[in-house]
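The values are calculated or read from the model by the stated rules, or taken from the named source; none is laboratory data. Predicted model, so just to flag it, every value in this text is computed and none were measured. FYI the Cβ positions are ideal-geometry reconstructions off the backbone, even for glycines, and counts take in every protein chain you see.
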Amino acid sequence: MLTKAERTKQFILETAAPLYNEKGVSGVNIDDVLSATKLTKGCLYSHFENKDDLSTQVVDLLLKKISDRIYLAVSEKKTAKAKIFAFLDFHKNPIETYISGGCPIFNTAVDADDNYPVIKQKVAAVFRAGQEDIVNILKLGVSNGEFSSHLNPVSFAFKMVAAIEGGIIMCRTMDTVKPMQTLIKDLKSDLERYSI
């Protein structure tokens with residue numbers, strides 16, 4: 001059971017998350033968060049040292065939420081191929097995402113590129129962990145005979161994630177999901193070539 005202070009802090013983080021995802025770390029100011037939460041500056045600063053502290057914790061929440069959702073979608077499947085297909089299908093609609101503003105991983109990566117080294121490191125860690133998970137699923141698929149030994153798990157995982165993340169920004173910019181659906185179909189076909 002959370003204390004009242006913990007509930008208030010969680011409320012602030014949850015309320016600020018969509019703002020950060022839509023506007024970016026540099027685009028959100030404390031007044032935006034105060035307006036959205038209807039809290040006082042004193043209340044906000046009783047939970048966070050400063051805007052950087054708030055930003056870092058909001059980013060942690062956003063990255064955890066998206067990572068947990070992807071993990072849940074993938075972990076429900078039994079075979080390596082089904083897990084990879086679930087990962088791809090998770091990204092099939094980059095316009096209607098569970099949190100307004102699109103993919104928090106991509107948004108935060110672009111926003112934090114050179115301006116926020118701590119946040120950049122957090123996004124890099126999520127990318128590395130996600131890549132490693134996909135590589136391990138593909139390796140499992142090779143070792144259990146689902147995929148040919150000609151499949152290079154590291155190369156395929158990178159190609160797949162790079163294509164998906166690029167597809168997200170392009171589809172959101174063009175306000176269409178059709179190219180992403182074609183991309184996912186093509187990536188599935190690419191993987192099918194290695195199916196045994």
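At a glance:
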quantity	calculated
Failed criterion for F90 (all others in (1) closer than 21 Å to G27 by Cβ; (2) without any contact (Cβ under 8 Å) to a residue 24 or more places away in the chain; (3) not charged (D, E, K, R) hold)	(1)
Region 165-196: number of residues that are in contact with a Pro (Cβ under 9 Å, 6 or more places away or on another chain) and either among the polar types (S, T, N, Q) or in contact (Cβ under 8 Å) with a residue 12 or more places away in the chain (or both)	7
Residues within region 25-84 that are surrounded by 14 or more Cβ atoms within 10 Å (Cβ to Cβ) and of a type in the set (S, T, N, Q), tallied	5
Close pairs from region 148-162: first modelled with pLDDT of 95 or more, partner exposed (fewer than 14 other Cβ atoms within 10 Å of the Cβ), Cβ under 7 Å, at least 6 apart	S148/I196
Residue in region 76-91 that is over 17 Å from I134 (Cβ atoms), at pLDDT 95 or above, among the charged types (D, E, K, R) and in a loop (DSSP other than H, G, I, E, B) present	no
Lone unmet requirement of (1) without any contact (Cβ under 8 Å) to a residue 60 or more places away in the chain; (2) under 16 Å from L72 (Cβ atoms) for I99	(1)
Residue in region 147-196 that is nearest to A124 (Cα to Cα), counting only those that are of a type in the set (A, V, I, L, M) and surrounded by fewer than 15 Cβ atoms within 10 Å (Cβ to Cβ)	A162
